[in-house]
Amino acid sequence: MKISVLHTEWSDGWGGQEIRIINEMLAVREKGVNVYLACRENSTIKKKALEQGITVFSLPFRGNADIITIIKLINIIKKYKIDIVNTHSGKDTWVGGLAAKIAGVKFIRTRHLSNPINSSRFNFINELADFIITTGESVRQNMIDNNRIKPDRIQSIPTGIDEKLFNPSNYNKDEVRKKIGIKSSIIVVGILAVLRGFKRHDIFLDVAEIVSKKYPEVLFLIAGDGPRYKEIESLINQKKLNKNVKMLGHIDKPAEFLSILDIFVLTSDSNEGVPQSVIQALMMEIPVISTDVGSTKDLWNKENFILVKPNSTEIIAEKIIQLMNNQTLIKKYKENSRKFVVSNFSKEVMVAKLMNIYNLVMENR
């Protein structure tokens, strides 16, 4: 039997969560699943879904009790014979979950962020879900401990990355650098993240300031777009880092961007599940320095990258300098980075787990 899944997403941004939703839909579609998306009219995810030939429904998603959206979702469920409604953000989880229950179809809730969910009994929507997917083990455990979720109805499925695309053998580092005007001889440190507050690009800039004082030839690259763009741009000017830090905006080819880096840094202080950018950098055999937030530690086998506490500006700067001056250490992280994440966090692993959950909830009708 062919399964039809309707995904719902309230967010109008474009970051790791929204990218995962699209990639997940495309991956299960290859396995024969019918996929649909309900989202807001002017959201970026709508544009991206349409580009991939996904049927999209534009709905208001005005709040947790948006009756109009609930009714429209029920009509969509019935008309398109939806089997599973898979919700993603807070507001669409309420309306999508309620619509699924009223229409008598299965309700899967995906929780992407690691910040705690209100444990009030009035916040019961997650308990109504037939199954919950989290993007990290710490998120799963928090929902079991604090939100009354039964362990057999929740599973961590980190975002699966395409190991064929994120393969360093596909790229010539010097040629890619030449194409964008970066000398092959200089050290390049980069971050790839949506420009939101919890990613702490301000810390990345503080790190750049420290390192640049000792090594003014090091180049720091910020890839990504988002609501903090102007603020970060202003900080670069204030710190007089215009020669040392470059903002690249949204990157359509993240693997190509990662191929030019010598060191990858993630400075987040909260909200992470298992960060996609860290998986991608490890697959590309880039030495990684990342803060230990959310479920980032799920990626760490003690040998494959450097894990530091959040807000560790001085330590991150110190580790960058240490890597710059120690080729043996660089070699160690390169040799230990790719194999572990390919075995545990590839797209194939993710899809297999998702299909198992779809089949499980459909068996329990």
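In the neighborhood of Asp292, defined by Cβ-to-Cβ distances under 14 Å, what is the net charge if each Lys or Arg adds +1 and each Asp or Glu adds -1? Computed value for this residue: +1. For the range 212-272, GluC sites (Glu not before Pro) are listed when DSSP marks them as loop and at most 12 other Cβ atoms sit within 10 Å of their Cβ; the list is Glu217. Hey, any idea what % of the chain's accessible area is carbon plus sulfur with a 1.4 Å probe? Whole-percent figure for carbon plus sulfur exposure: 48. With the gyration tensor restricted to C-alpha atoms of the chain, the semi-axes of the equivalent ellipsoid amount to 38, 20, 20 Å, longest first. Per residue, the solvent-accessible area of the chain (1.4 Å probe, heavy atoms of protein chains only, all protein chains present) comes to 44 Å².
When peptides 139-152, 337-350 are sorted by average Cβ neighbour count within 10 Å, with the highest value leading, the order is 337-350, 139-152. In vacuum, with every alpha carbon of the range 30-188 counted as one equal point scatterer, what does the Debye formula give for log10 I(q)/I(0) at q = 0.08, 0.10 Å⁻¹? Two decimals, please. Debye output, listed in q order: -0.34, -0.50.
The gain in end-to-end length when the Asn311 to Asn115 segment is fully stretched comes to 68.9 nm, 0.36 nm per residue minus the alpha carbon separation.
In terms of its alpha-carbon gyration tensor, the range 283-363 comes out oblate; a/c meets the 1.5 threshold, while b/c is at least as large as a/b. The calculated Kirkwood hydrodynamic radius for the range 1-89 is 13.1 Å, given to one decimal from all distinct C-alpha pairs. In angstrom, the C-alpha Rg and Dmax of the range 209-365 are 17.8, 64.
Of Asn301, Pro216, Pro254, whose Cα points farthest to the positive end of the dipole of the range 201-304 (charges on the beta-carbon: +1 Lys, Arg; -1 Asp, Glu; origin at the Cα centre)? Going by the charge dipole, the pick is Pro216.
Excluding Asp174 itself, what net charge comes from residues whose Cβ is under 15 Å from its Cβ, given Lys and Arg +1 and Asp and Glu -1? Residues near Asp174 contribute +2 overall.
The values are calculated or read from the model by the stated rules, or taken from the named source; none is laboratory data. Remember, predicted model here, so these are calculated numbers, not experimental data. Glycine gets a Cβ as well: all are built from the backbone with ideal geometry, and neighbour counts include every protein chain shown. What goes into the accessible areas is simple: the full protein's heavy atoms, side chains included, and nothing from ligands, DNA or RNA. Shrake-Rupley method; radii C 1.70, N 1.55, O 1.52, S 1.80 Å.
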